[in-house]
Each structure stands twice: as structure tokens, then as C-alpha cells.
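The values are calculated or read from the model by the stated rules, or taken from the named source; none is laboratory data. Source: prediction; values computed, not measured. Please note: Cβ atoms are built from the backbone with ideal geometry, for glycine as well, and neighbour counts cover all protein chains shown. Heads up: the accessible areas ignore ligands, DNA and RNA and are worked out on the full protein's heavy atoms, side chains in. Shrake-Rupley method; radii C 1.70, N 1.55, O 1.52, S 1.80 Å.
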Amino acid sequence: SSHPGSRSDAAWARSRPPCDRSLLGAREAAHAFPWSRMGILRSEPMKHGTLVLPIDRARQFIDIIGANTKMQFEDMNARELHRPYKKYIQRIDEMERILRFLLVELTRVPHAEVVKTNLDSFLDHAEEYKLDEVEARLKQIHQDFIQFKENNAKLTARRNAALEERYVVQTAIASMAHVSRPAARRDPGAQDSDDFEFAASRRLLDDEEGGTGRRALETMFSNIAGVIPQADQDRFARTLFRATRGNTFTHFQQIFEPMRDPKTGLEVQKSVFVIYFQDHRAGVSVSAMSEKISKICASYGVNTYRWPTSREAAEERRLALQQQVDDQERLLKAHENFVRSEAATLLEPVRLGGDSLIEEWRLFCIKEKSIYATLNLFEGHMNLRANCWYPAAEEDQIRALLIRNSSTQQGHSSAMLVSDRTLPRRSPPTYIRKNEFTGLFQDLVDTYGFPRYGEANPALFTIVTFPFLFGVMYGDVGHGSMLLMVGVYAVWKAEDLKFSIPELYSARYMLLMMGLFAVYVGFLYNDFFSIGFTLFSSRWQAPPTAGHTPGTSVTYRPADGFDIRNEGGGGPYPFGVDPAWHGAQNELVYMNSMKMKLSVVLGVSQMILGLLLRFSNAIYERSPTDLFCECCPMMVFMVCFFGFMDYMILYKWVTAINNPPSIINSMIAMAMWTEDTNPMFGAMLPRALMLISILAVPCMLVPKPILKYMQHQQQAARGGHGHGALGEHAALADEEACGGGVFEEEEEEFDIGEIAIHQVIETIEYVLGTVSHTASYLRLWALSLAHQQLSVVFFRYTILMGLTAAFPLNIIMTYFFFALWFGITIGILLGMDVMECFLHVLRLHWVEFQSKFYRADGYVFEPYCHKTLLEKGDD
């Protein structure tokens, strides 16, 4: 059944502008042809419908749907912003805040580790948790940990206060020990500056005449002692000096034992300070200087302690403080053990193979929050309704699931899925199935843009072409084997790397294939760390009369039985490049020519593949306009010009020509319409092909806008365009059928001028793009050449230098030079060069390949799925 106001397929199709007919054809084809249900080459066929849930069991059904099916819901309350389940989400937000607080507190527990690698175990037992029970336990544990934190802060503050005062008393004892010594008993050989405490603690007027009389005037020096963080020590001293105009002297004594801040829990280095100043106590209890210093101390938040009056009192106080410190440390240790035992209940796995309790609570909150957020998308009072998208292949499974769970509750309302007989105006979402092997390749394509619904998916071909083109750039048996070993290790240790190094885990199959193709192309290039190896007998040999005088060159000639003219005799080297080319003077010229031409052949082949996919899109969408007015002229232009160039390259490789023509000169003469002095296939064929290529350009440019204009006029004559009263009414009915408040595609007004300009841009972009894209594929040659030459340089100036040194120096040099060569190889050729080749191959796929057929203007199918949400929550 369908919604009220929906129309038949034919009426809906007539109301669409001509540019949307192809989309309708694609949707119909997706359900008409079984071969279209591939899921990789093209997206899954989708259906649109309405899910109806009883309000009393809505949460249960959404939980079941998220665990067993794939459905994407549309927001039915987007206009009114009505969120009936907001209070549940607010409760869960508070629970998540508590969990974040607990996780931070658990990080302060020594050796605390949260087990969080068993998502499947939680999903199998998720029904064991209830929102009210988890909320109550979390609040109780939160209160307990708040109390633990406050008690710990109090105990730490008391312990710090006793410890600080003990260090102040120890400083006073050291100072008084020097003061109590008679001056006559001091070592006469000691220097005046070797005992600062003695000089700083003496009264300055004691040794002068009249000192006793001055003390009678109540003139004396006093001090204030305390403890300050070492980070504030210099600022504190400067502030005192400036505020007292230099009438104070401050002595600092470093405390080597760090103290834990009771608020932050961080280790803080502190120092004892003693401020000496002149204090007049005649008739007043506190002098102005003492009050000023006390205010400065208070502004810095330092702790001040009473300075002992005598050494005996100081010793007595030190013993009492030491006993107090020991008591506080015992209390702190007992409290930490209690907190650790409470934390163990949160960290211990709830079952064999399960996560920690706090991790399962976190996953439960994510799941519950997603359930109520999904329910906020529904509308209705007695029954909840929401429009949804789902794969057509899973429709029967969804219905069976709803029926089975509805029948378990007798006397309750049941849930139902009502499918639309016609698809809504909005294009369906794109759903492409992927697994661990295809996932990363699909992600590379999706980074460029999501495929349109029913559009050919480049990822199917990228799985092969991406690592192959990487191998063309990176071809070396040695370096490829090292990369292959990384991929094999990542596949072998996949489960261990899944959570420790997730990036390597997701890229393991791509690394494996990149390594395989690099080794394969390395055999083709006959390159092993810049050294060639002989797998078969060479087809070139030195003349028997050639000498071995150093510095002389020898010209190799074909070996016996090697038919260089390809006339039925012995063939060339069976596989790859003949090892005789390695070390030859013309090796670089030969390899450059071969790799440059190979790059062009591969590039044109991949672009032709892109055009074939454009053909498949036009056929799949049932769009003859695109097929005959775009695809065919594009293919003709590509084959007649660049395909002819590739044919000449291949023909020249396999055919012996006495006076071989220059392909570059032939192509220039063909494009400039000039005479070719040495043609390969005569003068008429290149000109005929060039004429066909030129005629293909107006075929791309002119017919399509004219045909679109004619289709628009025919629809307008039938009254199917949406500008009249009937069209407006039909659009309104269609909007109601899709559920108000859901974003719909807007009908654009037909403008022949805009369509013509767009076609001109497309034509110019394609014609010029084929030239630039063909040249862009030369990066395959450039990167391969750079890799080969870097490998040669590194080998020649490291290992080869060690091997050619005189004995016995060569043994030591080879040992160290091998380590140097290996480090350079890992850092540059396996690090930077792999990344460089990867990025260049990515560009070839995004620009040169996908631009031939890939619109990338779709939007991804995002079904409500518990496992997907929880995996994203872990990230």
C-alpha cells in the first residue's frame, strides 16, 4: 500500500522534467533485472516505506531493528522540532558525564586498565542491562568516588602540611645549630661564604659596641618561614624585594621530595623560604613590615609556619611532626587500597571474554542514546510512524522479524512495514556492501565522493588497478618483498593489531596486494635492489674476441637462435627485461623508452575502461541521449587518436622495421595535419582518423542540448511540467506521500542556455582532458625511474663501496655500510617513496580514471545499526 495522495508510476514519471527520466529508468532497472543486484559494481536496490510501531513497545522494536536489520529513518519532526524522548537523552547525557568522570579517576589508579576489545560479547548480552538499574548504580558509584576524592584531598592536604612544617623545622634546626656555636670554635681555615645559614641568622648588631644597649631599645631582626612551589620562587623573591624596598632578605632551601597537589593530583616541587627583616615591637604586637610580608605571602597562597624559639623546642616539634606524617601516610595508603578495591569492580571483565563493567556501561549508554535519538525521528501519538529506506533484498527479512517479535506479546499492538508502490522524488541513498578486503578501497573512492544511486562503482576496478599501478611505479623485487612482508605480517596478526594499531589493521590487505604487484612488476623490470638476476639464459652475448681491458666498451650481439626480426625463430627473453641490459651504457635510454611507452599504453587503457563504464551507466539508466550523444563520440575521439597511438607503440614493439618511424613525429604530423616523412601505415589512415576525431567533437557538443529541449517541449505540450496548476497540485501530493518535513529534490526550471553552456564546458573539458590525462600517466614512468635511480645510488655508494675496499677493510666497511644502506632503504624507499607512489596512484584514479564516468553526487546509506554506532563510538 502507499500513502494517500500518491500517484501511479506513469503519472509520476510524466510530472518529472526530462533530465530526471534517466533516474527513473535506473530505479526501475534496479528492480527489473536480476543481474543488477550485484552490490559491488552498482549499489544495492533500495526501497522506501513507512515503519509503524506501537508506542508502548517502540523502544523494543528499534532495539531489535538496530541489532538485526539495516534501515535508515527520515526525520518526521524536522519542521516542528518535536522531540518526545528528549528527557531520556538528557538522562543518558548525565550518565555519560559520570562515566567520563569515573574513567578519569580510574586513570589515577596504578596499573588500571579498561578492557575494551570485545564488542561482540557486549552485543550478545546487551539485554542484561536496564536503563534505570545502570543509572542508579552509576549515581551511587559517582557519589562514592566524589567522597573518595574529597577524603583523599583532605588526607593529602594534612600530610603535606605536616611534611612542609617538618622541613621548616629542619631548616630552623640547621640554622640554630650554627648560631649556637661559639665564634671562637669555628674553624679558622673555613671561608666566610661556606656557611650561609650562620651568617644570615646572626643579629647584625651583636658584635658591635653598644649592642646590648641597642637591644634594650627593642630593636631586633625577625623572620617569617613557610613553603612555596619552586615555580613561584623567583617571582616571590622579586615581589618581596620591591614591596619592602630591599629591607628584607629571603633564603630558600630546596625540598627534594616532591609533594602531590591535593586538587590536581600532580607532583609539585617546593622549597622552604625564610624571610629576615627588621622588626620594631615597641608597644605593638605586629609591625607594619611584618603585616606587609604576611599579605604578600597570602597573595601567593603559600603556607607559613611558626619559627621555633629554641633548638630544643624545634627538636621536640620535629619528632611530633614526623609521627604525624607517618600516621597520615598510613591513612593515605589504607584509603588508596580501599579505592583500588572499589575500582577493581569497574575494571574486572563481567564475563569470560567480555569487557570491563565500566566499558559495557559506556557501550550501553551509546546504544540507548541512539535508540531514543532514533525514536525522536518518529511522529504520532497512538502509533509511531517514520519513513525509511532499506535494501530491497532484506524486505522479507525485516517483515519476518517484525511479525515474529509482534507475536511474542499477546494482546499488544504489532509493528508493520508499509512499502511504497512508487519511489519518492528524492534519489535513494547509495548502499554498497563491503567487507574487510574491499572496505579500504571503497573508502578511497568515497573520499572523492559517494556514487549516485545505481551508478557504476569505481571501487570494483580500483581493487586491482590501484595496487597494479602502484607496482608499476614501485617495481622492485627486493623492496616489494619487504612491503609484502609487512602486509603478510599485518594479515597474520590481524586480531592483535585490530586495537593496538587500527590503521595498519584496516590497510593490511591493501599493503599485501601492493607488495605482491611490486614484486611482480619487479620481476618484469628484472630489478632486485638495483641488481639484475638471470632466471633464464640471456638473448645477448659478448663477441668471442672481446677483451677484458678496463675502460673499454663491448657491444653485445644477439645470441645464437635469437630471432630479432620476429620471423619464426627463437623468441626474446621469456619473462621481463633481459639481464644483459643491466650495466649497459644505453640501459637508461632503453628503460626510459620502454617505461614511457608502457605508461601511455596503461593510461589509455584505463581511460577507455572509464568510458566503457560510462556506456554501462547510460545503458543502465536507459538514457539513449547520453549513450549516443556523449558516450559514442567520446569513445570515437579516444580510440581514433590515443588508441591509434597505442596501436603504433605495440606494433613497433613486435614488428621489425628497417627504418622505424618516430611515433612522436607521427602524432604531431597527424594533429597538425602536416606531411609525415616516415609514416608507419601510410599517409591516408592517420588523416582519416584525425578527421573522425575532429567530427566527434561537434557530436558531443550540439545534439544533446537540442534533444533535451525537444523532450521538454513535448512534456510541456502534454501538460506534465510542474509550472501549471496541475503540476503544482501533483507536486504537493507527492510531497505529502513522502511525508512532510523530509528534504526533497527541487525541480529546477528548464533553461536551454544553461544546458548548452554546461555541454560546452563538458566537451572542452573532455577534449583537453584526454590530452592532459594521457600526459599525466607519464608519472608512472617518472616515479619508476626515480625509484630505480635512488636504489642504484644507495647501493653504489654504500654496500658496493664496502665490497670494493681493500682487504681486510672491506669486511668492516661492508658491515657498517650495510647498516647505513638498510636504514636509508627503510626511511626513504619504504617510507617516503611508498607514500609518494600511493598519492600519485590515488590522483590517477580520482582525476584521470573516475572523471570519465563518475558523477559522485550521491549520498551514503546510513542505516541504524548498533555495531556500526559502537565502533564509531570507540573511535
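Pick from L768, L785, L780: which is exposed (fewer than 14 other Cβ atoms within 10 Å of the Cβ), modelled with pLDDT of 85 or more and part of a helix (DSSP H, G or I)? When all the criteria are applied, what remains is L768.
Contact annotation: residue pairs with Cβ atoms under 8 Å, 6 or more positions apart or on different chains, pairing a residue in the range 291-311 that is more than 14 Å from I228 (Cα to Cα) with a partner that is open to solvent by 70 Å² or more (accessible area, probe 1.4 Å), are P308/R317; R311/S180.
Looking only at the range 99-129, filter to residues that are part of a loop (DSSP other than H, G, I, E, B) and within 19 Å of C365 (Cβ to Cβ); which one of those is most open to solvent (accessible area, probe 1.4 Å)?
Taking the range 99-129 as the starting set, the residues that turn out to be part of a loop (DSSP other than H, G, I, E, B) are 108-118, 125, 129.
Keeping just the survivors that are within 19 Å of C365 (Cβ to Cβ) gives 114-118, 125, 129.
Details: V114: 37, V115: 48, K116: 102, T117: 64, N118: 43, H125: 58, Y129: 31 Å².
Residue satisfying both the conditions and the ranking: K116.
Kindly establish whether K498 is of a type in the set (K, R), out of contact with any Asp or Glu (no Cβ under 9 Å at 6 or more places or on another chain) and surrounded by 15 or more Cβ atoms within 10 Å (Cβ to Cβ). For K498, the condition - of a type in the set (K, R), out of contact with any Asp or Glu (no Cβ under 9 Å at 6 or more places or on another chain) and surrounded by 15 or more Cβ atoms within 10 Å (Cβ to Cβ) - is not met. Taken over the range 63-104, the criterion of being β-branched (V, I, T) and touching a residue at least 40 places away in the same chain (Cβ under 8 Å) is satisfied by I64, I65, T69, I89, I92, I98. Among the residues making up the range 64-75, a single one is over 27 Å from the mean Cα position of the chain (by Cα), surrounded by 19 or more Cβ atoms within 10 Å (Cβ to Cβ) and part of a helix (DSSP H, G or I): I65. Among the residues making up the range 804-829, those that are open to solvent by less than 80 Å² (accessible area, probe 1.4 Å) and within 30 Å of the chain's Cα centre (by Cα) are G823, I824, T825, I826, G827, I828, L829. Considering M832, M801, the condition of being among the aliphatic types (A, V, I, L, M), in a helix (DSSP H, G or I) and more than 41 Å from the chain's Cα centre (by Cα) is satisfied by M801 alone. Just one of the numbered conditions (1) touching a Phe, Trp or Tyr at 6+ places or on another chain (Cβ under 9 Å); (2) more than 30 Å from W846 (Cβ to Cβ) is not true of F441: (2). For the range 369-390, how many residues meet the condition of being open to solvent by less than 20 Å² (accessible area, probe 1.4 Å) and farther than 30 Å from P45 by Cα? Residues that pass the stated criteria total 0. Selection of first residues in the range 131-148 that are free of Cβ contacts under 8 Å to residues at least 40 places away in the same chain and under 20 Å from Y372 (Cβ atoms) and of second residues that are β-branched (V, I, T) and open to solvent by less than 50 Å² (accessible area, probe 1.4 Å), restricted to Cβ pairs under 7 Å at least 6 apart or on distinct chains, gives an empty result. The criterion of being at pLDDT below 90 and either touching a strand residue (DSSP E or B) at 6+ places or on another chain (Cβ under 8 Å) or in a helix (DSSP H, G or I) (or both) holds for A344.
Scanning the range 510-544 for residues that are in contact with a Pro (Cβ under 9 Å, 6 or more places away or on another chain), part of a loop (DSSP other than H, G, I, E, B) and at pLDDT 90 or above yields a count of 1.
In the range 835-855, the residue that is farthest from W389 (Cα to Cα) out of those that are under 21 Å from the mean Cα position of the chain (by Cα) and surrounded by fewer than 21 Cβ atoms within 10 Å (Cβ to Cβ) is E836. One residue stands out among those in the range 856-875 that are open to solvent by 50 Å² or more (accessible area, probe 1.4 Å) and not in a helix (DSSP H, G or I): the one that is nearest to R614 (Cα to Cα), which is D857. Among the residues making up the range 621-674, those that are open to solvent by less than 50 Å² (accessible area, probe 1.4 Å) and among the charged types (D, E, K, R) are E621, D626, E630, D646. So, E455, is that one farther than 28 Å from W781 by Cα, open to solvent by less than 10 Å² (accessible area, probe 1.4 Å) and out of contact with any Leu (no Cβ under 8 Å at 6 or more places or on another chain) or not? Yes; evaluated as a whole, the condition is true for this residue. The strands (runs of 3 or more DSSP E) found entirely in the range 246-338 that carry 2 or more residues being farther than 23 Å from A177 by Cα are 270-280. Against the list (1) among the β-branched types (V, I, T); (2) at pLDDT 85 or above; (3) closer than 30 Å to I146 by Cα, the condition T239 fails is (3).
Screening L440 against (1) assigned to a loop (DSSP other than H, G, I, E, B); (2) within 30 Å of V604 (Cα to Cα) leaves a single unmet condition, (1). Scanning the range 748-759 for residues that are in contact (Cβ under 8 Å) with a residue 12 or more places away in the chain, open to solvent by 60 Å² or more (accessible area, probe 1.4 Å) and in a helix (DSSP H, G or I) turns up just one, I752.
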